[in-house]
């Protein structure tokens, strides 16, 4: 028996391997960068392909934040821009409300998630409350500090985030920091993250 088993006790149920399979779940893979030439598009596509190949009976969909021309929260809008902004906000709200869970793909800017994603999340609350999120990051440290930032924001929105995250390094998983060539070892974390998101999402459905 290892040190942690002695300290906390050993589970006979192998809880770390338990996965609750639930059909008909809808999980969004949020492409959280809007920057031109972003690396996130390749990362989001990789995550989508990896997830769908697992055959979890889950409907995955990439949601590209760049396609929603959201205004800055609270900014004064001209009459000409008012209708377009209201339409964009409603489209974003309706899209996010249609999912049972989320996987956020995000880079790290100044130890945090990008401003566009933070602004987009500020338009939400009832649409995402009592749902579940996982994280996929990329950056010099794999986007880990962006994940920590998102955990604080999502906690206020009553979104439960899972422990395991996928973290791609710009130094080792991208050629010249631009061509995405992920190492094979990330697949283990991706599987574990997806297992956790699916299990929790199924459980959280009873809260809504």
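The values are calculated or read from the model by the stated rules, or taken from the named source; none is laboratory data. Since the model is a prediction, treat every value here as computed from it, not as a measurement. Reconstructed Cβ throughout: ideal geometry from the backbone, glycine too, with neighbour counts over all protein chains shown.
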- Query: Given the residues 165, 160, 183, 133, which is the only one that is at pLDDT 95 or above, under 15 Å from residue 43 (Cβ atoms) and under 14 Å from the mean Cα position of the chain (by Cα)?
  - Reply: 165
- Query: Of the conditions (1) surrounded by fewer than 19 Cβ atoms within 10 Å (Cβ to Cβ); (2) touching a strand residue (DSSP E or B) at 6+ places or on another chain (Cβ under 7 Å); (3) at pLDDT below 95, residue 208 fails just one. Which one is it?
  - Reply: (2)
- Counting only residues that are at negative phi, in a loop (DSSP other than H, G, I, E, B) and surrounded by fewer than 18 Cβ atoms within 10 Å (Cβ to Cβ), how many does the range 40-63 have? 2
- Item | Flag if residue 192 is closer than 27 Å to residue 52 by Cα and assigned to a strand (DSSP E or B) | no
- Message: For the structure I just gave you, tell me whether residue 115 is within 24 Å of residue 38 (Cα to Cα) and touching a helix residue (DSSP H, G or I) at 6+ places or on another chain (Cβ under 6 Å).
- Response: no
